[in-house]
Structures are given as C-alpha cells and as structure tokens.
Amino acid sequence: MSPAAIPVTVLTGFLGAGKTTLLRHMLKAEHGLRLAVIENEFSTAPIDGQLLGDDPVKLVTLANGCLCCSILGELEKALLLLLEKLDKGELAFERLVIECTGLADPAPVAQTFLSTPELSERYRLDGIVTLVDAVNAERHLSETIAQAQVGFADLILLSKTDLAVAGSVEALRARLQRINRRASIQAVEHGRIELATLLDLRGFDFEPRPTRGLMLRPLAPVANKPDRIQTLVLESAEAIDAQRLSAFIEGLLGRFGNALLRYKGVLAVAGEPQRLVFQGVLRLYSFDWGSEWGVDEPRESVLVFIGDDLPEQEIRQGFAELTQPG
C-alpha cells in the first residue's frame with residue numbers, strides 16, 4: 001500500500017438511520033477536503049436527486065470540488081474508474097466514502113479492498129462507520145443484519161437521540177457495547193458532526209500498539225436475552241506457541257469463518273521479541289510483526305472476536321491450550 005493511498009470510509013446502518021442525511025452534511029460542510037462519495041444505487045434519495053437511467057456509473061461534481069458517484073454495476077469497477085479518471089487529471093479527490101444500503105452486509109465492501117491487489121495499493125480502508133436509529137433501534141436490532149452492521153463498526157453513531165424515550169439511549173449504548181466492544185459510540189444530530197470524528201479511524205491498520213490499545217469498553221450487565229452478535233475477548237499473560245496458534249486460527253476459520261465478522265489482536269509469541277498483530281474480516285485475515293516488547297513491558301496477548309452466535313466456552317478452551325506445555 002502506497003503512503004499516498006486514498007483513505008476509504010464505509011458508511012452503513014439500517015434503513016432510515018440517517019446515512020443520506022450524514023452524507024449531505026459531509027458534502028456541504030466547510031471542511032476544505034475534496035471528498036468522493038460512492039452512493040449505492042438502491043438509495044431512496046440519491047444525493048444528486050436524479051434517476052440513473054441505464055448508466056452503470058454516474059459522476060456528479062459539486063461546486064466545492066466534492067464528487068458523487070452512483071453505481072449500478074460492481075463496486076470494483078467503479079473504484080477502478082475513479083482511479084483512472086484521477087490519474088488522467090479528470091477528477092481530483094483526497095478521500096472516499098462508500099454508502100451501503102440499509103439491508104446490506106458491509107463485509108463484501110471491506111473484502112473488496114483487502115483482497116484486490118490493485119485496489120489495496122491505491123486505497124486504504126480506514127474504517128466502517130455504522131449509524132443506529134435510537135428511536136427504532138429495538139425493532140431494527142431484532143434483525144441479524146442490523147446487529148452485524150454494528151459488529152463490523154469501528155465507530156457507531158446514534159441518530160435521533162433527541163426523539164428517543166428518556167433512559168432508552170443509555171440502555172441502547174450498553175447493548176451496542178455488548179455487541180461491539182471495540183467501537184466508540186457517539187451521538188449525531190441531523191447528520192451534523194465534526195468530520196474529523198469520522199476520519200482517520202485506522203480500523204484496519206497494522207499499527208504496533210500495546211494490547212490495551214484495543215480500547216475495549218466496559219460492559220453493563222445483560223438485562224435481556226443476549227444478541228446473536230457479541231464480542232468475545234481472549235486474554236493471556238503466558239507466551240503463545242506459534243504452531244498451536246496457527247492451527248487454532250485455521251480451525252476457527254474452517255468451522256466459523258462466516259460467523260467471524262471482525263477480529264483483531266496483539267499476541268506475545270514464545271521466543272519472539274516482537275508482538276504479532278492479527279486481524280481479519282470473515283475468512284480473510286492477515287498477520288504482521290509489530291514493534292518489540294519493552295524490557296519491563298508485560299507480554300500480554302489479547303484477541304477480540306466479534307461474531308455471530310459463537311461457541312464461547314469452546315473457543316476459550318482452545319485458546320487456553322495455546323499456552324499449555326506440550
């Protein structure tokens with residue numbers, strides 16, 4: 001990936017959560033950035049206010065230099081077209097935002113960038129932002145896809161909090177934290193939010209951070225039946241055997257790959273001076289060596305899985321065996 005790779009923000013959320021309102025604010029705000037927005041063809045209120053007709057890709061340049069791209073075809077083709085026009089000097093943009101439809105799974109979008117070499121060299125997947133409608137969240141979160149959208153998120157934005165019943169917003173925050181302990185949660189009013197909040201999330205970076213840098217949020221007690229999508233945190237203060245780790249991960253992916261929405265971790269491997277950084281989306285994952293452990297730094301391993309109905313006790317037992325003597 002080039003240092004000058006274009007940062008990409010994926011915007012998701014259930015129907016009516018306020019994605020288009022947020023996009024309008026992003027395009028009109030006085031931020032001085034040249035944004036390109038790829039809008040899904042199934043949006044009920046296209047940003048340019050026009051039907052696409054038969055054009056597979058439609059580009060509209062706004063007065064402030066921002067760009068709207070509506071597509072009927074494959075996302076990959078639209079991304080390559082933007083790069084072609086950028087290289088020819090026909091377009092100019094610094095960041096890209098992709099809006100998913102309300103019923104869409106954001107995983108294929110993320111995988112497009114992670115698995116396509118030409119795209120991963122020119123674009124940098126920065127983070128997934130999920131909007132949640134605070135008024136209708138209870139109904140929406142009864143749908144597994146809505147829970148999955150929360151599970152994929154690096155940042156969760158609560159909309160319509162001013163219209164929600166008193167006390168329900170805090171209960172919703174607690175529920176969202178149980179689903180996704182990695183993501184921060186912030187309120188957004190009528191799409192208005194500081195653009196800096198949405199950018200540079202670095203959700204898919206392999207930055208060598210301490211294990212506590214995963215920034216897990218504390219949990220409130222579960223009041224009702226747990227959601228299908230939940231966060232599973234595995235921790236160990238013992239060095240991990242590399243061969244067993246490989247077998248453990250391969251086994252998880254083989255059995256539960258489609259249920260592992262997002263996962264990330266920092267691992268202390270036996271005999272290795274550097275921390276091992278690990279992350280993935282569904283069955284697509286990567287390892288990389290990070291910085292060396294400090295002399296007096298606790299060599300702690302933390303793995304965070306956000307998944308769909310995972311067998312927690314079985315996975316915990318498998319992880320515990322990674323540190324046991326042969």
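Below, the figures for the structure above:
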item	result
Those residues of the range 139-168 which are modelled with pLDDT under 95 and of a type in the set (Val, Ile, Thr), in sequence order	THR144, ILE145, THR161, VAL165
Unique residue being modelled with pLDDT of 90 or more and either crowded, with 16+ Cβ neighbours inside 10 Å or within 26 Å of LEU11 (Cα to Cα) (or both) when the list is LEU219, LEU234	LEU234
The range 7-17: number of residues that are within 18 Å of LEU103 (Cβ to Cβ) and either surrounded by fewer than 24 Cβ atoms within 10 Å (Cβ to Cβ) or of a type in the set (A, V, I, L, M, F, W, C) (or both)	6
Looking only at the range 268-296, and only at residues there that are part of a loop (DSSP other than H, G, I, E, B) and within 21 Å of the chain's Cα centre (by Cα), the one that is surrounded by the fewest Cβ atoms within 10 Å (Cβ to Cβ)	ARG283
Filtered residue count, the range 94-106, keeping only those that are modelled with pLDDT under 90 and hydrophobic (A, V, I, L, M, F, W, C)	3
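The values are calculated or read from the model by the stated rules, or taken from the named source; none is laboratory data. Here the structure is a predicted model, which means the values were calculated and not measured. Methodologically, a virtual Cβ is constructed for each residue, glycine included, from the backbone with ideal geometry; neighbour enumeration extends over all protein chains shown.
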